[in-house]
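A.B. asks: First the structure, then my questions, so here it is.
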């Protein structure tokens, strides 16, 4: 109980920085009006609007979508729901259920939805915390993979040595002036989400079974050193390798390989890239494949939803997680569906993008949904950035990641 109380105090302290409690309640007590807050990208939102429109026409209801970026969605929902307001449904990645459930601002769905509702989902689609399911997922994955331009690189590397060799061959300085017109690989070197697959390739993970950080070890050190060497020793990736630069270079055909997420696959194809998708390599032949974090995205029900609205909310959740809707997301956007029968659809099971994405997903590791994960991210991020700019050694960064995360987690549990 003390641990739960401290988590609530910590989260509430952060919320009051962003504003007072008491935002309005979405659709309120009007059973004909439903409000959903979401953080989808524009391509996903287009398909979601199609799904919403078909439900509105069949049920004579009005559904309003309100978009936020991921961080603002969490903050705004927490603030509104704690004040007795907020939307009816909130949609986002699985790791948001940690703080939401601790604050008791979303409903456990095991009892809210009928038992047979859960039979349709893939075994790995449901995240449980405290023995309860807190979100109804419409997709799984949300994972990183190795993407390559087939025009520049017909076949992908399968080991770290191959990756370095191929990246060197594709890094081109036409003028000999030290300014590269083309790079072998680009990555997001500012976010620890991109570091995790390389930690796992060296045999590590971010936390232990007790939700304590597990970062001060050789796996973290080797992963940090490998990424830094790509930039500084091998010179095959840009010195300032951000998400925006990585994305731009790949669309322009000026980098052979990147590491990016399933959300980007269709966009690159639509942009005209001859896209290849492969597993992030392993350290050596026969070794453990790099294992990106995988998770689900789904809908949670605001604890403030009135009982009179529950029947229509249940019907809407059935619709938004139906085989028809999840298959549409899969075929149009390359997103892995959460529903088992969707994989029987030939347009899904024979899609080369989905097949390649599923191959990477199959060696992924489930993203922890416990609240401690947020503290670990926040401790990893600045230390990773200091390694990349040369201000800190990988060994020192690993120690600091561990120490800072452990200190904050211990404080939160008092």
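A.B. asks: Using only the alpha carbons, work out the radius of gyration and Dmax of the stretch 234-298 in angstrom.
C.D. replies: 13.7, 41
A.B. asks: In which sequence would 335, 164 go, from the one with the fewest C-beta neighbours within 10 Å to the one with the most?
C.D. replies: So the ranking, lowest neighbour count to highest, is 164, 335.
A.B. asks: A further question on this structure: Using a ≥ b ≥ c from the Cα gyration tensor of the stretch 140-183 (square roots of the eigenvalues), is it rounded, prolate or oblate, where a/c under 1.5 gives rounded and otherwise the larger of a/b and b/c decides, a/b for prolate?
C.D. replies: prolate
A.B. asks: Write down the Å³ per residue value for the convex hull defined by the alpha carbon atoms of the stretch 41-86.
C.D. replies: Hull volume normalised by residue count: 69 Å³.
A.B. asks: How far, in nm, would the chain grow between residue 173 and residue 315 when pulled straight, counting 0.36 nm per residue and subtracting the alpha carbon separation?
C.D. replies: 45.3 nm
A.B. asks: Kirkwood Rh and Cα-based Rg: tell me the resulting Rg over Rh for the chain, rounded to two decimals.
C.D. replies: Dividing the radius of gyration by the Kirkwood radius yields 0.98.
A.B. asks: Let me ask something additional. Please work out the FRET efficiency for the pair residue 271 and residue 232, using the Cβ-Cβ distance as r and a Förster radius of 30 Å; give the result to the nearest 0.05.
C.D. replies: 0.50
A.B. asks: To the nearest 10 degrees, how steep is helix 218-232 against the longest Cα principal axis of the chain, on a 0 to 90 scale?
C.D. replies: That works out to roughly 60 degrees.
A.B. asks: Distance between the C-alpha centers of the stretch 330-373 and the stretch 61-76? Whole Å please.
C.D. replies: Answer, in whole Å: 24.
A.B. asks: Let me ask something else about it. Note down the nm distance, to one decimal, between modelled labels 7 Å out along Cα→Cβ at residue 359 and at residue 332.
C.D. replies: It is 2.8 nm.
A.B. asks: Give me the distance in nm between label points sitting 7 Å out from Cα along the Cα-to-Cβ direction at residue 182 and residue 413, one decimal.
C.D. replies: Using points 7 Å along Cα→Cβ, the separation is 5.2 nm.
A.B. asks: Using only Cα atoms and rounding to the nearest 10 degrees, what angle (0 to 90) does helix 352-362 make with the longest principal axis of the chain?
C.D. replies: With both axes taken from Cα atoms, the answer is about 90 degrees.
A.B. asks: Something else about it: How big is the Kirkwood radius of the stretch 202-323, worked out from every pair of different alpha carbons and given in Å to one decimal?
C.D. replies: For the stretch 202-323, the Kirkwood estimate is 18.8 Å.
A.B. asks: Still on this structure, please answer the following. Give the angle, between 0 and 90 degrees and rounded to the nearest 10, that separates the Cα long axis of helix 42-59 from the longest principal axis of the Cα atoms of the chain.
C.D. replies: Helix 42-59 sits at roughly 20 degrees to that axis.
A.B. asks: State, as an integer percentage, the relative contact order of the chain based on alpha-carbon contacts under 8 Å between residues 6 or more apart.
C.D. replies: Relative contact order comes out at 24 percent.
FYI, it's all coordinate maths here, none of it is from the lab. These numbers come from a predicted model, not from an experiment. Every residue, glycine among them, receives a Cβ derived from its backbone with ideal geometry; neighbour counts consider all protein chains shown.
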